[in-house]
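Remarks on the structure that follows.
What follows is calculated from the coordinates using simple rules that are stated; it is not laboratory data. What you see is a predicted model; the values in this text were computed from it and never measured. Positions of Cβ are backbone-derived with ideal geometry, glycine not excepted, and every protein chain shown enters the neighbour counts.
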């Protein structure tokens, strides 16, 4: 889409992603003089222009970061408000939390997550936007392990996104994989362990699990986490978490 803005003639992108980030970039480019139509649908039409001009643009909130902190708040929080959240960007995710029984209050640009008591195990299947985001299936997994009952997670976008399962099992989680499905049984207390972040969202899942677990958890390969969650250590410490970064 960005390349097509300066290309000669008309470009049509079919089977386009519908994520809000696509709409946001299209809005920015149009405000700079581009001619883009259809952002947010599966067909985007771009008529090339010779020049773009400067503009001022505010980037939309990071819905995956917001969803991660909502999961954390539901898993271990005593009442936490997550600010700078657009509910309409997280409807599929929030619908699943409500199915679990997570109690929260949605405001215009924030979500207050109450302290949780009894939660119900659910099944999750990721899907392209506006469905349940693949980037949130790992961060929500520790919360699922708090729930009563059994459930499955199926990632239809990245079937091999299961590395967090093996690390959570080291923490005594009742979780496994079979035929591309993640199977879990909730209700068992997690125990601290030495685990490794294999990617960004798996690392986020391990941070949440570590805060849930009894005892100390050590997470290595934390560069994955730090590149995707700005000031995460400081934010969690401000919430009262006993977490610190250990320099080699």
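Summarising the strand pairing of the range 63-238, around 70 percent of its internal DSSP beta bridges are antiparallel. Can you give the % of DSSP beta bridges in the range 161-225 that are antiparallel, to the nearest 5? Percent antiparallel among DSSP bridges in the range 161-225 is about 55. On C-alpha positions alone, give me the angle between the axis of helix 200-212 and the longest principal axis of the chain, in degrees, nearest 10. For helix 200-212, the angle is close to 30 degrees. Only Cα pairs under 8 Å and 6+ residues apart enter the sum, and on that basis the relative contact order of the chain stands at 13 percent.
The stretch between residue 216 and residue 114, if pulled fully straight at 0.36 nm per residue, gains 34.2 nm over its current Cα-Cα span. Look at where the Cα atoms of the range 38-75 and of the range 175-198 average out, and the two centres are 32 Å apart. Taking every DSSP helix (H) stretch of at least 4 residues in the chain, weighting each as -39,500 (n - 2.57) and dividing the sum by the residue count yields a mean residue ellipticity at 222 nm of -9500 deg cm²/dmol.
Helix 63-76 and the longest principal axis of the Cα set of the chain meet at an angle near 20°.
When peptides 235-243, 201-209 are ranked by their average number of other Cβ atoms within 10 Å per residue, the highest-first order is 201-209, 235-243. If R0 equals 30 Å, the separation of the Cβ atoms of residue 21 and residue 223 corresponds to a calculated FRET efficiency of about 0.80. Tilt of helix 20-31 relative to the longest C-alpha principal axis of the chain, in degrees (0 to 90, nearest 10)? Long axis of 20-31 versus the principal axis of the chain: about 30 degrees.
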